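The block underneath contains the structure these notes are about, expressed in structure tokens.
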Amino acid sequence: MKIKVLLCFIALLFFLSCKQDKDVRYTIGISQCSDDLWRETMNNEMQREIGFHKDANIIIRSVKDDTQKQIEDIEWLIEQSVNLLIISPNESKALMPVIQKAYKSGIPVILVDRRIDTEDYTAYVGADNYQIGKEVGLYAAGILNGRGNVVEMRGWNGSTSDAERHAGFVDGLKNYPEIQIIAEARGNFLKEEAKLQMSYILREYEHIDLVFAMNDPMAAGVYEASRKYTGKTPFIIGVDALSGEGGGIQNIQNNVQDASFIYPTGGDKVIDLAMKILKNQPFDRENTLYTTVVDKSNVRVLQLQTEQIAEQQLKIDSINSSLNDSLVRYTNQKTLFYISIIAIVLISFFLLVSFKAYRAKSKANRLLAHQNEEIKRQAEELREQKEQLLAISKQLEEATHAKLVFFTNISHEFKTPLSLILGPVESLLTDGYLTKEQHELLTLVKKNSNRLLYLISEIIEFRSYENGKMNMHFSEGNLKEFIEDVNPLFSEWIKRKRVNFSFSTDGTSFDMVFDKEKVEKIYFNLISNALKFVNISGEVKVKLKKKNLERGDFAELSVFNSGSYIPPEILKNVFDRFYKVDQGSEGTGIGLSLTAALVEAHKGKIDVWSDENTGTAFCVLLPLVSDNPVMSDSYVSGYTESRLESETDEIGTELQLTASENEDKPVVLVVEDNYDMCKFIQHILNKEYTIITADNGVDGLSKAKKFIPDIIISDVMMPGKDGFELCSLLKENVSTNHIPIILLTACSLDEQKLIGFESGADAYIPKPFNAHLLKIRVRKLIENRQKIKEAFGNSLINDTKKESLGEMEQNFINDFQAYVEEYISNPELNVDELADHLKLSRSQLYRKIKSLTNYSPNELIRIVRLKYAKRLLNSKVKSISEVAYEAGFSSPSYFAKCFKDIYGESPTEYLEQM
Ligand code: FRU
């Protein structure tokens, strides 16, 4: 906005400073037919006069008596779009068309000195040439006293001044018959031509008394010819009578000629008239300038006058020029003034802008300085933090390194005691005197010692890779055949999992160099991983094919398993050290990173894909052509067999219990994904208890519901549903909420214990546990339960307070009782309907009622009937047999027997007692 105002202001000043140029509104074109003293005088007068009109200027074009060139000049002036034309036409006839054209196109035309034979002009300024000619004739007659020979030196043929002067001259002499015009010649208004023509005449005529030269230059030419050829001069009369060098006045004084008639130039009048026309002021069309004779009698006075005039003129010129100078100075000063104002405004503006910018900059600088300070401070803080972090990370690194070193060392240390466990165990196992149970337990020890050994070896191997000390043993072999040899070893596992296993290749030979031991480990890890995570009856597909990459040819080994999905956020970490895909599953989390390390040691590549709908695939690329040094083949297979022995979790023969069988032994459900652990717990408890096992939370839940065990022992970390979730679900379920649960886990942190108890666990035993302690906890929990149900059973019979049961269990019994009482008189009251009503199966109902009350559902129904009957007996309204039927007993005798069994006396004795 400010800039716009400023620009407008500057534009206004600029307009004002330029204004004087725009004052020139009129341009006047002047076309002179000749170039001589007379024209020069006239032009000077016009120049001087136009100086008084600041709104007009003049353009003068002159020719040297050349009609054609004058026509061109006039055309040119028309083209310049002059506002008015002042023309002194050389000839009348030839110039008429161009003058008419100008006039008719709207340009005002002023004719000066000479005329044209048409009325197509705006105004005329000049003397009356006829009158001049006549006055010359009369003057000559006077000089000659009416007698003598006269010569006429005429002007330009075709010009009106020549024609009119001649006519006037002839008329002036017509009353003097003794005056003879003896000769007539064309000097064309030019001195030299007149001189030449006069020389001819002088040759012809001896006696010449007077010569009328139509202008003063021709008079001088006549004079010079006469002097030259006759030595004497006739009386010479000229026209113009101009002052100054070569002018008629000087000629008369110098005796060059005798008289001259003033032919006024009238330049000032012409301009005056032109301005009137241009400004639409009234003007006269015909402006006649007057003449008079100048001769010896008045030349002196006239010269003085003309000198005075000239002097005045000079003064006027000097005033004019100083005025012009002043004007120019004024204009310059005005321009300077405006420029100064513009400059001042601009400077002020820029000063203001600069000041504002300076202030803004200072402010910004202050802000920046402040920010800089702040940044510096923050940078300092960051630097300190970085240093601290670096120190911490260094410490951490050192600590981690120390831990890992310790870990590796201790792993090495473990090897010896483990070997010392394995050795004796193996020799004990060969002992034929072992009982079956002892043999099984020792096998368990052997298997797990082996497993520990492998885990330790894995850690050591991985550490050696990390330290760049992995020993590679490359040898020639055929990868396809190698895999084909290993595959049958997995057949047992594959069968157990009911997995559809396939191995396919693309027909390439796969003769290559690789470390067989390492590749066996890679392959074992991939296959065992796939078999662990494949769904039951799913598929594991192994493919081996050739792959051409920019880096060269590779053997692409892919292992796909259906039924598992690894989300992308986990997928990116699967090869990280200690990262476990399923936190619930067992293992070190080193398997896949070790696999990746082994692949890398082959200069290969490992990748993984997982799709929610299909499954997961691991893909290993091993170079087909290797530059690794080939060593002798010292590889002895056996890794897979021994690993399989320690890895796989054979599913034992499941205890298929039914509610009616084995009623004497309490039932324990063991939910544990580690087969050996499960087996070990079985060993601890199977003498006193019937054991049911489940290897995951989902299975555990369904078996708990199915068998309603007396106690559940569950692991916490399991794939799928963990122990906490299982516990919560069991405690929310009507059929299982009364069952005591022991959580058995390696996680011994307090928070985890808290979660365990919150999810309803009755006990929490950390691993490794003492077998004896486990036995005691199981026995105590079952005994407790037993006591509760006995107390509850009694309270049911005796109608005492039933505080021993939990709220959910109490509600369950109340529901049972309410349903029985509703249909109490029906002796056929159906346990199935009752189970339906309580949303349980018949066997669930049986085990639930049994474990809550120690009675079977039928016994509990009978107790409810008896209690009802007792209330009826108490009211003494009905007979014993009526009571028996109303309480749903099939006969009074059966009622009496049942009553006595429970209350120790018959209904009759009871009534008598009352
Ligand atoms: C100037 C002139 C004058 C003369 C006039 C006639 O060019 O020759 O001397 O009086 O023209 O038109």
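The values are calculated or read from the model by the stated rules, or taken from the named source; none is laboratory data. Remember, predicted model here, so these are calculated numbers, not experimental data. Neighbour counts are summed over all protein chains in view; Cβ atoms, including those assigned to glycine, are modelled from backbone coordinates with ideal geometry. Quick note on the areas: whole protein, heavy atoms, side chains included, nothing else; ligands and nucleic acids left out. Shrake-Rupley method; radii C 1.70, N 1.55, O 1.52, S 1.80 Å.
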List the pairs whose first member sits in the range 109-126 and is over 18 Å from Asn43 (Cβ atoms), whose second member is within 15 Å of the ligand (Cβ to nearest atom), and whose Cβ atoms are under 6 Å apart, counting only residues at least 6 apart or on separate chains? Arg115/Thr160; Ile116/Pro89; Ile116/Ser92; Asp117/Ser92; Tyr121/Leu111; Tyr124/Leu111
Can you pull out every residue in the range 243-268 that is within 16 Å of the ligand (Cβ to nearest atom), in a helix (DSSP H, G or I) and open to solvent by 20 Å² or more (accessible area, probe 1.4 Å)? Gln250
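Just checking, how many residues over the range 522-548 are in a strand (DSSP E or B) and either open to solvent by 60 Å² or more (accessible area, probe 1.4 Å) or not hydrophobic (A, V, I, L, M, F, W, C) (or both)? Break it down into steps so the answer makes sense when it comes.
From the range 522-548, those in a strand (DSSP E or B) are 539-548; that's our starting set.
Those left that are additionally either open to solvent by 60 Å² or more (accessible area, probe 1.4 Å) or not hydrophobic (A, V, I, L, M, F, W, C) (or both): 539, 541, 543, 545-548.
Residues in the range 522-548 being in a strand (DSSP E or B) and either open to solvent by 60 Å² or more (accessible area, probe 1.4 Å) or not hydrophobic (A, V, I, L, M, F, W, C) (or both): 7 in total.
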What tally of residues in the range 106-131 results from selecting those that are among the acidic types (Asp, Glu), within 16 Å of the ligand (Cβ to nearest atom) and surrounded by fewer than 20 Cβ atoms within 10 Å (Cβ to Cβ)? 2
Of the residues in the range 679-705, those that are open to solvent by 10 Å² or more (accessible area, probe 1.4 Å) and closer than 21 Å to Pro719 by Cβ come to Lys679, Phe680, Gln682, Thr693, Asp695, Asn696, Val698, Asp699, Leu701, Ser702, Lys703, Lys705
Of all residues making up the range 132-161, the number that are surrounded by fewer than 19 Cβ atoms within 10 Å (Cβ to Cβ), polar (S, T, N, Q) and within 13 Å of the ligand (Cβ to nearest atom): 1
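Condition check ((1) among the small types (Gly, Ala, Ser); (2) open to solvent by 90 Å² or more (accessible area, probe 1.4 Å)) across all residues:
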site: Val345; (1), (2): no, no
site: Ser393; (1), (2): yes, no
site: Glu398; (1), (2): no, yes
site: Leu404; (1), (2): no, no
site: Gly423; (1), (2): yes, no
Per the filter on the range 534-552, residues under 45 Å from the mean Cα position of the chain (by Cα) and of a type outside the set (Lys, Arg) are Asn548, Leu549, Glu550, Gly552
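Just to check your reading of the model, which residue among Leu866, Leu838 is open to solvent by less than 30 Å² (accessible area, probe 1.4 Å), within 21 Å of Ser893 (Cα to Cα) and not aromatic (Phe, Trp, Tyr)? Don't jump to the end; show me each part of the working.
On the way: Leu838 fails: within 21 Å of Ser893 (Cα to Cα).
Leu866 is the lone residue from the list that is open to solvent by less than 30 Å² (accessible area, probe 1.4 Å), within 21 Å of Ser893 (Cα to Cα) and not aromatic (Phe, Trp, Tyr).
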Does the range 162-180 hold any residues that are surrounded by 17 or more Cβ atoms within 10 Å (Cβ to Cβ), within 14 Å of Phe212 (Cα to Cα) and more than 14 Å from the ligand (Cβ to nearest atom), and which are they? Gly172, Leu173, Ile179
Taking the conditions exactly as written (assigned by TED's automatic domain parsing to the domain that holds Cys619, on the phi < 0 side of the Ramachandran plot and at pLDDT 90 or above), does Lys572 satisfy them or not? no
Any residue at all in the range 504-517 that is in a helix (DSSP H, G or I) and within 16 Å of Tyr639 (Cβ to Cβ)? yes
Taking the range 716-747 and keeping only residues that are in a strand (DSSP E or B) and at pLDDT below 90, one is left with Leu743, Leu744, Thr745
So, of the residues in the range 328-345 that are touching a residue at least 60 places away in the same chain (Cβ under 8 Å) and among the aliphatic types (A, V, I, L, M), which turns out to be nearest to Glu49 (Cα to Cα)? Ile339
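Could you tell me whether any residue of the range 876-888 is part of a helix (DSSP H, G or I), hydroxyl-bearing (Ser, Thr, Tyr) and surrounded by 14 or more Cβ atoms within 10 Å (Cβ to Cβ)? Walk me through how you get there before you give the answer.
Of all residues in the range 876-888, those part of a helix (DSSP H, G or I) come to 880-886.
Cutting the leftovers down to hydroxyl-bearing (Ser, Thr, Tyr) gives us 881, 885.
From what is left, the residues that are surrounded by 14 or more Cβ atoms within 10 Å (Cβ to Cβ) are 881, 885.
The answer is yes, given that some residue of the range 876-888 is part of a helix (DSSP H, G or I), hydroxyl-bearing (Ser, Thr, Tyr) and surrounded by 14 or more Cβ atoms within 10 Å (Cβ to Cβ).
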Tally, over the range 458-471, of residues that are open to solvent by 40 Å² or more (accessible area, probe 1.4 Å) and either assigned by TED's automatic domain parsing to the domain that holds Lys516 or without any contact (Cβ under 8 Å) to a residue 24 or more places away in the chain (or both): 4
Within the range 219-242, residues under 22 Å from Arg300 (Cα atoms) and within 14 Å of the ligand (Cβ to nearest atom) come out as Ala219, Ala220, Ile237, Gly238, Val239, Asp240, Ala241, Leu242
State all residues of the range 24-81 that are open to solvent by less than 50 Å² (accessible area, probe 1.4 Å), of a type in the set (Gly, Ala, Ser) and more than 15 Å from the ligand (Cβ to nearest atom); if no residue qualifies, say none. Gly29, Gly51, Ala56
Please verify whether the range 741-762 includes one or more residues that are farther than 30 Å from Arg865 by Cβ, in contact (Cβ under 8 Å) with a residue 60 or more places away in the chain and over 60 Å from the mean Cα position of the chain (by Cα). no
